[in-house]
Amino acid sequence: MTPFAVLITIALLAVAGLVLDAGLALSEKVRALDIAQAAARAGAQELDLYKYRTSNVAELDPDRAASAARAWLTSAGVEGEATATVTTVTVTVRRTSDTQLLQIVGVRQLAVSASATATAVQGVTGPTT
């Protein structure tokens, strides 16, 4: 009976570890997504002002947009990548979540990542009420 009890206890701890640590990893992913979205929006504010003023077209300055997004990531204290085109800014944030119960079976960290894209928009795009 004792080996059965030990195996059941280990199995229950492993399941509890999956539930707890997966929840913590999901929470970390939500934080990463929030940061990625904010960084992408910060980059999407970097318009090519010359083009906007001369032709009234809202296009991004890709170098400044990517730089602004990376600066946002740095100020948030996270690692990630930012790329930009004349229409969009894409940011990817990578984080790790330290495990609590899965350390029992040798899993120390879970890697999470999130990506977000923002687009410069010109004019009103929704209903006015």
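No lab work stands behind these numbers, since they all come straight from the coordinates. Quantities reported herein were computed from a predicted structural model and do not represent experimental measurements.
Determine the equivalent ellipsoid of the chain by diagonalising the alpha-carbon gyration tensor, then write out the semi-axes as square roots of 5 times the eigenvalues, largest first, rounded to whole Å. If you can, show how the numbers build up before the last one.
Values: eigenvalues 421, 44, 14 Å².
Listed largest to smallest, the semi-axes of the chain are 46, 15, 8 Å.
Please determine, in degrees from 0 to 90 and to the nearest 10, the orientation of helix 2-43 with respect to the longest principal axis defined by the Cα atoms of the chain, where the helix direction is its Cα long axis.
Long axis of 2-43 versus the principal axis of the chain: about 10 degrees.
What's the extension gain from ALA5 to GLN122 if we count 0.36 nm per residue and subtract their Cα-Cα distance? Let's see the in-between values first.
Working: separation 117, 0.36 × 117 = 42.12 nm, distance 6.51 nm.
That works out to 35.6 nm of additional length.
Would you mind checking the tilt of helix 62-76 against the longest principal axis of the Cα atoms of the chain, expressed as 0 to 90 degrees and rounded to 10?
In the chain, helix 62-76 runs at an angle near 40 degrees to the longest axis.
Suppose only helical runs count, i.e. DSSP H with n ≥ 4. What mean residue ellipticity at 222 nm does that imply for the chain under -39500 (n - 2.57) per run, divided by all residues and rounded to the nearest 500 deg cm²/dmol? Display every interim value, and only then the final one.
Details: 3 runs with 64 residues, N = 129.
Here the helix-only value at 222 nm equals -17000 deg cm²/dmol.
So if each residue of separation counts as 0.36 nm, and I subtract the Cα-Cα distance between TYR50 and THR87, what length gain in nm does that give? Intermediate values should be presented prior to the final figure.
Working: separation 37, 0.36 × 37 = 13.32 nm, distance 1.55 nm.
Additional length available on full extension: 11.8 nm.
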